[in-house]
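The values are calculated or read from the model by the stated rules, or taken from the named source; none is laboratory data. Worth saying up front: this structure is predicted, and the values here are computed from it rather than measured. With ideal geometry, Cβ positions are generated from the backbone for all residues, glycine too; neighbour counts draw on all protein chains shown. Please note that ligands, DNA and RNA were not included when accessible areas were found on the heavy atoms of the full protein model with its side chains. Shrake-Rupley method; radii C 1.70, N 1.55, O 1.52, S 1.80 Å.
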Amino acid sequence: MTGAPPASPRLGRPLVRLDEATSTNDLARRLAEAGVAEGAVVVASRQTRGRGRLGRAWASPPGGVWCSVLLRPAGGSPGLLSLAVGVATAEAVEAAGVPAALRWPNDVLVAGRKIAGVLLEAVGTAVVAGIGVNVCVPLEALPAPVAAAATSLHLHARGAVAPEGVLEALLKRLEHWYGRWAHDPDAVLAAWSSRDALRGQPVRVTGAEPVVGTAEGIAPDGALIVRELHGRPRTVMAGDVSLAPGRRALEGV
Ligand code: BT5
């Protein structure tokens, strides 16, 4: 094979801006169903029914980037796509000079607290990648239990930050990592692993396949590898992961 891989699509064409949405994923899903081309992005200043995985709520007051990107992937490992989006989101945070870590499957953490989350939804063969980043979100604007484990970029960046600049960085990094995902999955794994907040930590995975053990990184298909207490490595494709009781090792990430 010769030549460079095909250029990744331009993301943000069109860019639909809304003051308010129920969930930007809802509108992006409708665009997908209507046959709109890859690259369309919906962004809202606030969401009234922002959602996370498994029907959980995503608090979306003004001051964040709440956006959804319409992708039409042709090939590539499905399990790695959400990790590629996570890497792009971490790099958009880092563009503000703030180091970020990733907690499987795709939470972005700053100082051990969640600053961003990613929700991928399939619509036929299309994928809607929903990304939420707290940019200038006062923690008081979040429900108290959420605020206790969350943070916002303005609390860490040296200079001023604004949702518009973070969105621009995010779409650029996503264009890059979406292209790499299709042609160079090892690069996605390496970029993700270099920010892995859990590697070496005692963890408890809840969900369909509960596991307790030590996180040992990410498998080539994007699964979490956990070595069980009696020494057997297990791979987990879906679930929620937290530090095993009594350990607060994530603090300071
Ligand atoms: C996620 O789910 O982290 C995916 C979040 C995706 C949000 C974007 S915003 C644009 C697009 N439109 C949508 O409706 N969604 C996407 P999950 O891993 O299930 O985490 C959800 C949990 O994160 C909640 O149960 C809370 O504990 C916490 N959380 C909620 N809002 C938060 C916020 N603004 N900042 C930090 N943590 C939050």
Within the bounds of the range 118-127, is there any residue that is near the ligand (Cβ under 8 Å from one of its atoms) and crowded, with 19+ Cβ neighbours inside 10 Å?
yes
Could you look through the range 14-44, keep only residues that are under 16 Å from residue 135 (Cβ atoms) and free of Cβ contacts under 8 Å to residues at least 60 places away in the same chain, and pick out the one that is nearest to the chain's Cα centre (by Cα)?
44
Residues that are of a type in the set (Ser, Thr, Tyr) and touching a Gly at 6+ places or on another chain (Cβ under 8 Å), drawn from the range 36-63
60
Residue selected from the range 210-230 under the condition assigned to a loop (DSSP other than H, G, I, E, B) and surrounded by 15 or more Cβ atoms within 10 Å (Cβ to Cβ), by the criterion farthest from the chain's Cα centre (by Cα):
219
Being away from the ligand (no atom under 13 Å from the Cβ) and either in a loop (DSSP other than H, G, I, E, B) or open to solvent by 10 Å² or more (accessible area, probe 1.4 Å) (or both) is the filter here; which residues of the range 82-99 pass it?
91, 94, 95, 96, 97, 98, 99
Take residue 34 and tell me if it is among the small types (Gly, Ala, Ser) and either in contact with a helix residue (DSSP H, G or I) (Cβ under 9 Å, 6 or more places away or on another chain) or buried (at least 16 other Cβ atoms within 10 Å of the Cβ) (or both).
no
Identify the single condition in (1) in the same structural domain as residue 14 (by TED's automatic domain parsing); (2) over 30 Å from residue 16 (Cα atoms) that residue 220 does not satisfy, given that it satisfies every other one.
(1)
Subset of the range 63-81 [within 10 Å of the ligand (Cβ to nearest atom) and either more than 27 Å from residue 125 (Cα to Cα) or in contact with a Pro (Cβ under 8 Å, 6 or more places away or on another chain) (or both)]:
63, 64, 65
Please go through the range 17-28 and pick out each residue that is open to solvent by 10 Å² or more (accessible area, probe 1.4 Å) and within 10 Å of the ligand (Cβ to nearest atom).
21, 22, 26, 27
Residues that are near the ligand (Cβ under 9 Å from one of its atoms) and either buried (at least 23 other Cβ atoms within 10 Å of the Cβ) or farther than 24 Å from residue 145 by Cβ (or both): does the range 51-62 have at least one?
yes
Looking at this structure, is residue 79 surrounded by fewer than 24 Cβ atoms within 10 Å (Cβ to Cβ), in the same structural domain as residue 124 (by TED's automatic domain parsing) and closer than 27 Å to residue 218 by Cα?
yes
